[in-house]
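Worksheet: the structure to be examined is printed underneath.
The values are calculated or read from the model by the stated rules, or taken from the named source; none is laboratory data. This structure is a prediction, so every number in the text was calculated from the model and none was measured. Virtual Cβ from ideal backbone geometry, glycine too; neighbours counted across all protein chains shown. All accessible areas refer to the heavy atoms of the entire protein, side chains included, with ligands and DNA or RNA removed. Shrake-Rupley method; radii C 1.70, N 1.55, O 1.52, S 1.80 Å.
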Amino acid sequence: MRHKWIMTGVVLTCLLLLSSSALAVWITDGNAICTASGNQQYPAVVSDGLGGAIIAWHDMRAGHWDIYAQRVNGMGNNLWIADGIAICMAPGNQEYPGICSDGAGGAIITWYDHRGSDYDIYAQRVDASGNVLWTVNGVSVCTAPGNQGYPPWIYYKGYRIIVPDGSGGAIISWDDERAGHHDIYAQRVDALGNALWTTNGVAVCTAAGHQYSPVLIGDGSGGAIITWYSGWHSSSGTDIYAQRVNASGTPMWTTNGVAICTAPNYQCYPDIVSDGAGGAIMAWIDGRVGGYYEDNIYAQRINSSGTVVWIPNGIGIGTAPGDDGWPQLLPDGLGGAFIAWGDGRPGASGIYVQRVDAMGSPYWAANGVGLAPTTTHGQSNYGIVSNGVGGAILAWCQYPFGQSIHDVYAQRIDASGVLKWSVGGVVISAAPNLQVTNKSAGVVSDGSGGAVIAWWDNRSGSDYDIYALRIDQYGDIFAPGFALDIKPGSCPNPFNIKDKPNEGGNGKGQKDDYAIERKTGGVLPAAIVGSEDADVNDIDVSTILLEGISPLRSNYEDVTRPVENGGYCACTDEGPDGYLDLTLKFSRNELSEILGPLEHGVIVELMITFALMDGTPIEASDCIKIVGRRPEGPKIEEIEVVQLGNAVPNPFNPLTRIHYFVPDESVVTLEIFDTSGRLIVRLVDNERMIRGLHAVEWRGVDKHGRAVGSGVYYYRLKVGNETMSKKMVLLR
């Protein structure tokens with residue numbers, strides 16, 4: 001079971017209602033998204049907002065490249081027609097799609113299109129049901145003379161070529177040969193597919209020489225910040241530039257862009273993310289020191305006015321010996337960024353990650369943290385996405401040197417640079433032959449601490465297909481849950497544990513005169529929510545437990561309805577929905593004893609577990625608001641000191657949860673000791689954590705994963721220079 005603790009005032013959400021007939025369908029080595037004849041390659045992925053994804057790719061089933069797409073839900077079911085819907089089947093080749101959300105559960109897809117005499121830019125919008133909404137085979141974004149976005153360049157960009165405009169449309173950027181050399185252009189299309197800027201795009205940079213490989217982010221105001229590299233054929237090398245274009249298509253900074261880096265030799269292939277303040281952080285391959293065979297990774301931040309913030313020509317991110325390449329960036333949510341790159345340092349090559357703050361200072365050790373340094377395998381095509389709690393998930397393909405076998409791996413890294421999953425990463429797919437990921441285009445957050453990863457796959461041995469897999473926050477294959485509504489009709493669901501004076505107290509309100517009333521009496525109602533897709537008759541009632549408590553009684557009736565407002569549903573008082581629900585009653589007394597003492601105003605997520613008639617285990621959760629201690633006590637958001645909560649439950653078997661409060665961003669360690677003072681396990685290992693309530697589970701195992709015996713154990717929390725400890729009891 002998995003739990004979390006949330007600050008007062010935050011409405012905790014419950015799991016989205018899911019079909020019992022569609023449960024647990026993600027499978028080892030991934031689910032087939034498209035296995036049509038011919039090759040399918042280069043999947044680009046965007047979240048569908050409900051734990052699944054919309055995936056676009058280019059497809060050879062008709063004998064030339066077309067663009068297809070499929071939506072896979074959070075359970076791993078393909079929702080559109082088998083092998084995907086046709087986005088564009090125009091004559092000639094359509095290749096290398098990019099994709100972004102349309103803000104309404106669908107997506108906007110762009111690609112490089114050769115239906116004419118040269119490559120042009122087209123786009124199409126598809127809704128959540130798989131209906132294409134614009135002109136058949138797409139609207140033209142740019143059909144100017146010459147090539148736009150000549151395909152070989154797209155592979156190196158990580159597909160950050162299209163971003164939402166915040167109003168249901170998108171902004172697209174490309175390199176453009178209309179003048180006989182490569183320039184940078186951009187266009188904005190609205191939700192109806194209308195081009196909003198100059199026909200065939202606005203000029204972002206038309207400086208002398210060549211400009212290549214634009215990538216962009218939204219500026220938060222309907223415009224975009226675009227970065228690229230210039231001067232490929234210049235004797236002085238190449239440099240990094242950037243420009244901001246507002247919502248009307250007007251360049252806001254220096255004509256032809258602000259110089260980000262003009263160091264000696266060449267700088268190329270930048271990536272970019274928002275700094276959260278209207279500006280951007282970008283990183284690039286940099287040959288200022290060793291030239292072509294000794295590339296490093298450098299980075300720079302630019303503010304919303306076009307002023308570079310860090311030292312001239314950027315800070316060194318990866319400068320160890322060896323050849324580095326292809327940075328991929330992720331904002332850290334605090335004004336800084338995670339930067340991942342491929343590192344060729346001798347004896348320890350592989351993918352490395354560094355986190356920098358808003359001032360460009362690294363959080364971690366110099367030259368970053370290696371995901372799986374190796375001398376026997378290559379690692380490439382890495383992508384990085386947020387895990388939703390201050391860290392990141394990375395996916396990549398890995399191959400033994402000298403062999404044509406590629407597998408897909410993933411790893412989670414926390415805000416302190418600690419790797420959280422298996423050494424070397426977890427295997428996403430080890431199917432036969434080649435599985436190839438697609439940089440950041442091939443991985444997307446699932447909104448629940450995990451990720452959906454897509455790749456092209458040669459397991460059939462005949463051609464490439466598209467596969468995908470969803471993993472959870474632990475690196476496991478995602479397993480689903482039913483929705484749960486505790487006390488239907490109330491949000492947040494209350495479960496008040498009131499104070500009362502101690503008998504014999506002085507009655508003047510001193511703290512010693514109060515005790516938490518644990519014997520609340522009564523029952524707590526709950527409902528496992530049914531719908532058109534979820535049949536509560538499939539549930540084996542004898543297996544139901546709420547935090548380990550069996551229901552006092554159960555019944556089948558229609559009492560509640562789910563709220564579908566994104567990847568999760570909130571508590572609801574909207575009333576019945578016409579579908580059968582399984583209503584339950586649990587003892588409040590038993591629940592009070594299991595929860596133990598709780599801080600004033602805490603909202604806690606309770607977990608219910610059960611199984612279907614076929615034995616499939618299911619988890620679901622919902623919130624209840626617990627009011628304990630004195631009503632006039634401090635609220636969580638007002639606390640300014642370190643707090644170590646009680647282990648819940650205590651005594652426990654098989655697991656307990658320890659919650660703690662960090663008042664400021666701090667380095668945290670949480671350890672378990674036995675009564676002799678021997679360290680059993682370190683649950684939190686020197687991790688940097690942001691302000692707020694945090695929780696961690698202990699399953700009664702030591703640092704080697706071996707079960708420990710019954711007895712008294714102590715857990716010790718260290719936050720900065722403060723240390724505190726409490727005890728708990730394990731009963732086997």
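Side notes on the structure shown:
- Judged by the gyration tensor of its Cα atoms, with axes a ≥ b ≥ c, region 351-495 is oblate; a/c meets the 1.5 cut and b/c is at least as large as a/b.
- Accessible area per residue was computed with a 1.4 Å probe on protein heavy atoms; SER101 scores about 40 Å².
- 14 Å tail of the calculated P(r), region 72-141, as % of Cα pairs: 60
- Among the listed pairs LYS420/LYS718; LYS703/LYS726; LYS487/LYS726; LYS420/LYS703, those with a Cα-Cα distance over 24 Å are LYS487/LYS726.
- Distant-in-sequence amide H partners of ILE428 (H built 1.01 Å from N, under 5 Å): VAL408, TYR409, ALA410
- ARG691 - accessible surface, heavy atoms, 1.4 Å probe, Å² rounded to 10: 90
- Long-range HN-HN contacts of GLY249 with modeled amide H, under 5 Å: none
- J(HN,Hα) series, region 423-436, from Karplus relation 6.51 cos²θ - 1.76 cosθ + 1.60, nearest Hz, glycine and proline x: 4, x, x, 8, 7, 8, 8, 10, 5, x, 6, 9, 10, 10
- Region 633-732 shape via C-alpha gyration tensor axes, a/c threshold 1.5: prolate
- Taking the Cα centre of region 43-108 as reference, the dipole from Cβ charges on Lys and Arg (+1) and Asp and Glu (-1) amounts to some 80 debye.
- Computed 3J(HN,Hα) for region 164-178, one whole-Hz value per residue from the Karplus formula 6.51 cos²θ - 1.76 cosθ + 1.60 where θ = phi - 60°, is x, 8, x, 10, x, x, 8, 10, 10, 10, 7, 8, 9, 9, 4, glycine and proline marked x.
- Nonlocal amide H pairs with TRP310, under 5 Å, H built at 1.01 Å: ARG301
- Computed on protein heavy atoms with a 1.4 Å probe, the accessible areas place LEU196, LEU591 in the order LEU196, LEU591, largest first.
- Rounded D (µm²/s) - region 21-114, Kirkwood Rh over Cα pairs, Stokes-Einstein at 4 °C, 1.567 mPa s: 95
- Cα gyration tensor shape of region 288-426, rounded if a/c is under 1.5, else prolate or oblate by comparing a/b with b/c: oblate
- As a calculated quantity, the FRET efficiency between ALA277 and ILE690 at R0 = 22 Å, using C-beta atoms, amounts to about 0.80.
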